[in-house]
Amino acid sequence: MGKDSTDSDGTRRLQLRRVIVLIDDIYDMYARLQKADGLYQRDRAIEDYTPHAWKLATGGLLPVGFTAEQTRSVILDMDVKNLLRLIAWRRSEMVAAEGIAKAFDVPLTVLSVKHEVDSLVALCRWPDIKSAYISHKITEPRGENLKSDGHNEYDRWGQFAFDVNRLSGGLRRTFDARVAATQRDSVGVVAIQPTAIDELRFRRSSDGDNLERYSAQLADRWPVPKRALYSRPNEDAPHFTDALSNGTELTSRDRGVIGLLQATIYDEIAFRDHLLVSCNQALLVFRPTALGPRISGGVRQEISHWTQGSPRPAAVIHTVPELMLFVDEMLDSRRLSERFRRNFRQHLDIQLSGDELPEDVKEWIWENCVLASAIPSSIPGASTTDHLSREVLSRIDAHFEAACQSAIVSSLSNQFGVVDKGSGMVAHFLARDPGEALSHEFLMGVSQFLESEGEKLDEAVGTANAKLLATTQSHFDLHCSADLARLLIGTS
């Protein structure tokens with residue numbers, strides 16, 4: 001996409017501003033191509049493929065005839081072959097689009113048609129708008145869906161899946177509101193969702209070995225947002241539960257064919273999601289309903305890939321219950337306590353560097369405030385500090401508090417793997433509950449951070465992290481009998 005520009009001689013040229021490539025699930029693509037006069041028109045494709053299958057199987061030139069079971073296997077072979085071809089075609093489009101974007105030094109957006117229409121409208125209307133990749137757990141909600149016998153989509157998926165879809169629209173609405181208020185040409189963030197492509201969803205048929213574990217039947221896909229770009233190609237869409245299943249038991253050969261498709265889809269997920277992390281200008285980790293401090297493997301891999309790219313802002317959305325689970329683990333875990341001690345020492349050194357405090361005073365701070373785990377505010381009046389002035393004690397207090405706060409954020413970022421690659425690039429946003437995390441006011445702050453640059457970025461980080469620090473310290477004060485410093489440092 002681009003806009004017209006005029007040279008000095010009056011020649012009109014098209015200026016490229018952004019490359020957008022639209023993609024869809026391979027099952028939807030295949031269904032569209034199987035319609036009448038389509039590339040893979042069903043009856044014609046079977047008729048054309050059968051002689052090839054017979055030749056491959058027997059070496060004969062003319063088919064004598066397949067049994068019913070063999071015919072079903074032949075059709076499955078054909079379907080899987082065509083789906084694998086669609087995966088390759090789609091990847092080629094994404095790679096070509098990436099090359100064009102790099103050649104013209106413009107942003108690339110890979111947008112599944114299962115995003116809302118308004119997301120594409122925003123990208124086309126404001127080509128310089130930033131996009132953020134939403135990283136969130138997928139395996140856990142998928143597992144709950146597979147075990148559910150609910151009668152409607154909400155019961156089968158639960159709140160989290162719909163919250164993720166609401167997050168995308170919520171971020172865009174904050175953008176719409178600011179456009180209306182400021183009349184600026186380019187503001188805001190468009191959220192890119194990994195679950196807008198959802199293909200690795202084969203149902204289990206047994207708990208056997210890898211070849212016998214999955215069937216050809218597909219589970220429900222991740223819920224499609226309302227007002228999506230997507231149009232259903234047939235009545236089986238978007239789930240395509242029986243697209244590959246013929247209602248009979250798979251043969252060993254069939255399971256191998258299905259296994260090949262599964263493995264290819266699995267590899268494609270890593271390629272596509274890493275491309276999405278790379279080509280978007282920000283990362284947003286969404287954890288409102290986390291049941292523990294553990295980060296899912298997929299989210300951790302996406303965060304790791306983000307750290308390898310150029311410096312870009314990253315936001316992590318927490319809720320108070322989820323944050324407290326992390327804090328409790330930090331106190332109970334020797335590994336995390338040791339990490340905090342290292343972070344604290346590093347940040348205290350930073351606080352004291354360049355300060356005019358005498359070396360013996362700095363040494364006293366370390367021995368009495370850190371090793372002895374004393375809170376600076378309790379020091380004035382103590383006999384051991386009579387030689388220090390109140391001014392020095394006040395400065396010690398400020399240094400110690402700043403180091404504590406920096407170490408909390410650093411430990412939290414390390415636990416998530418979202419480590420700062422530059423000043424003010426990572427912000428932790430804290431909501432009371434999932435409802436507040438999706439509120440307009442809360443998402444306004446997240447959006448403003450993700451689109452900010454320079455001093456505004458640093459200010460947004462400070463505002464977000466200050467709330468998190470205050471809540472964390474309140475938790476320590478409420479639930480711990482010892483003082484904050486003693487607990488954070490991990491000493492007895």
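The values are calculated or read from the model by the stated rules, or taken from the named source; none is laboratory data. It should be emphasised that the depicted structure is a prediction, and the values quoted were computed from it without experimental measurement. Note that each Cβ is placed from the backbone with ideal geometry, even for glycine, and that neighbours are counted across all protein chains shown.
Considering only the range 72-93, state which residues are in contact with a strand residue (DSSP E or B) (Cβ under 9 Å, 6 or more places away or on another chain) and surrounded by fewer than 18 Cβ atoms within 10 Å (Cβ to Cβ). Explain how you work it out, then say what you get.
First, pick out the residues of the range 72-93 that are in contact with a strand residue (DSSP E or B) (Cβ under 9 Å, 6 or more places away or on another chain): 76, 90, 93.
Result: 93, single match.
Filter the helices (runs of 4 or more DSSP H) completely within the range 387-463 down to those with at least 3 residues that are modelled with pLDDT under 80 and surrounded by 15 or more Cβ atoms within 10 Å (Cβ to Cβ). Steps first, please.
Numbers: elements: 390-416, 434-437, 440-451.
Result: 390-416.
Is it true that some residue in the range 108-119 is at pLDDT below 95 and either touching a His at 6+ places or on another chain (Cβ under 6 Å) or small (Gly, Ala, Ser) (or both)?
Yes, some residue in the range 108-119 is at pLDDT below 95 and either touching a His at 6+ places or on another chain (Cβ under 6 Å) or small (Gly, Ala, Ser) (or both).
Residues are listed down the side, and each one gets a yes or a no for (1) among the acidic types (Asp, Glu); (2) more than 11 Å from the chain's Cα centre (by Cα):
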{"position": "261", "(1), (2)": "no, yes"}
{"position": "266", "(1), (2)": "no, yes"}
{"position": "270", "(1), (2)": "no, yes"}
{"position": "278", "(1), (2)": "no, yes"}
{"position": "283", "(1), (2)": "no, no"}
{"position": "301", "(1), (2)": "no, no"}
{"position": "306", "(1), (2)": "no, no"}
{"position": "310", "(1), (2)": "no, yes"}
{"position": "322", "(1), (2)": "yes, yes"}
